[in-house]
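> What follows is a structure written as structure tokens; I'll ask about it next.
None of the figures in this text is laboratory data; all of them are computed from the coordinates on show. Predicted model, so just to flag it, every value in this text is computed and none were measured. As a convention, Cβ positions derive from the backbone with ideal geometry for all residues, glycine included, and neighbour counts pool all protein chains shown.
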Amino acid sequence: MRLDTVKRYSAPVPRYTSYPTAPHFTDEIGASDHGKWLSEVASSASVSLYIHLPFCDSLCWFCGCHTKMVRRYEPVKAYLESLMTEMRFVARHLTSGARVRHIHWGGGSPDILCSDDIERLAEATRCRFTVESDGEFAVEIDPRQLEDAKVAAFVRAGVTRVSIGVQDFDADVQRAINREQSFDVTRRAVQGFRDRGVSSVNIDLVYGLPHQTRRSVGRTLEQIIELDPDRISLFGYAHLPARLARQRMIPEWALPDTLERFAQSNRLANRLVEAGYQRVGLDHFARPGDALAKAARSGTLQRNFQGYTTDEADALIGLGASAIGSFAEGYVQNTVPVADYQRRIAQDGLATVRGYRLSETDKARAFVISRLMCELKFPKDELQKRFARQSVEMIELANRLVATDQDGLLEADNDGFEVTERGRAFIRSICAHFDAHIDTGLALHSSGV
């Protein structure tokens, strides 16, 4: 692909795990709105729970998550008590009968919890909410601090899928991002869960990191393929040192340029397809028999704050500092600082400090962006059925986009357009055409490639 084409679409754009994206949330939404929206969840609804554990025993300099380093376990223990209190208040507001189909523990590093607390948190969740016995329970794992006792505790807690962060196995890259993690440590973590019956394994890789080259990311990928994960998430590093102080430790001179980033992404994607993985949306890959691949083929793939998912829940409830929830009415987010979160939970039971109330126009744009991200298609017919009045502007935007496409990224069809394989890499930039907030200047985003 031509260099000028790649550069044209490399302008910063959101990852679109929601619309509008989190930087556009405001303090006009608070705990009272959150409580009201919880109480309005239908008794027949399906619900997902996201539980945020914002602690690590060391900080990775590339990371953009809300997390902090702790050297003692006491702060983790105290946070866990606040989390249990929040659960109790949320469950009190939530309509009786709502069923939990998906649970996701993120961080930070959820495996910073001791074995007893892993089981205690899982048990508290089941005591407060109606959790389906055949639902999915996913947890993010840092294999560097994983012990056999913790693996066993996660299994007893009911975990069905683990997501293991790798990023890159190259020693120079690992030193530059302050995350030294060997292949053997990673392999033992994967095998430990598989030996205990957790068959679904996801691996997170990152391209565009300091000192990475096409050759080095290729070597890492061959090691990952050897582990035979069910899913692989392939993220482009978002270098935002103005917003994330820890990223200022990364030498900018060592970062690959735009064309090299794009080439790394292409090399990884092509090799994964060659190895038998199915492309899912923008940056996920799955074995054809995996539920994520099946959802992509059947048109039921979804996208939420954790990325691509099979989760079709009516509401997503976020628990913990910085956690985001999603309802039919809009989004809510808890305060980010752990101390403030604990203070608010102790006082009010909820720690919501910001959010966004969705208008019908917002919902129409969110629907279009979601379908583009998941299916690479503009859904004209369904858009007209769901949002008759708002669809007019969206269809005009789509027609204009197709008419001005000179790079072969789009292909017109009877339902609007499809994104071509050539255009897949630029799907975020295509979605940005339907984003009414993209030019407001409130947010810092990662490169579009």
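> List the relative contact order of the chain as a percent without decimals, with contacts defined as Cα pairs under 8 Å and 6+ residues apart.
Across the chain, relative contact order equals 22 percent.
> Taking neighbour counts of Cβ atoms within 10 Å as a proxy for exposure, in what order, fewest first, do 356, 73 appear?
73, 356
> For residue 96 and residue 397, compute 0.36 nm times the residue count separating them, minus their Cα-Cα distance, and round to one decimal in nm.
104.1 nm
> Calculate the dipole size of the chain relative to its Cα centre from +1 charges on Lys and Arg beta carbons and -1 charges on Asp and Glu beta carbons; express the result in debye to the nearest 20.
About 320 debye.
> Below 14 angstrom from the Cβ of residue 224, what's the summed charge of the other residues (Lys, Arg +1; Asp, Glu -1)?
Local charge sum for residue 224: -3.
> Further question on the same structure: All other residues with a Cβ under 14 Å from the Cβ of residue 19 taken together, and with Lys, Arg as +1 and Asp, Glu as -1, what is their net charge?
+4
> Kirkwood hydrodynamic radius of the chain from all distinct Cα pairs, in Å?
So the Kirkwood estimate lands at 22.6 Å.
> Could you check what % of the DSSP bridge pairs in the chain are antiparallel, to the nearest 5?
So the antiparallel bridges in the chain amount to around 40 percent.
> Can I ask one more? For the chain, set up a GNM with springs between Cα atoms under 10 Å and report which of 279, 261, 72 has the largest fluctuation.
Per the Cα network of the chain with a 10 Å cutoff, 72 tops the list.
> While we're here: Amide H of residue 354 versus every other amide H placed in the peptide plane: which residues, excluding those fewer than 5 positions away on the same chain, fall under 5 Å?
The list, which skips near neighbours in sequence, is 333.
> Filter 294/380; 36/380; 77/294 down to the pairs with a C-alpha to C-alpha distance above 31 Å, please.
Flagged as over cut-off: 36/380; 77/294.
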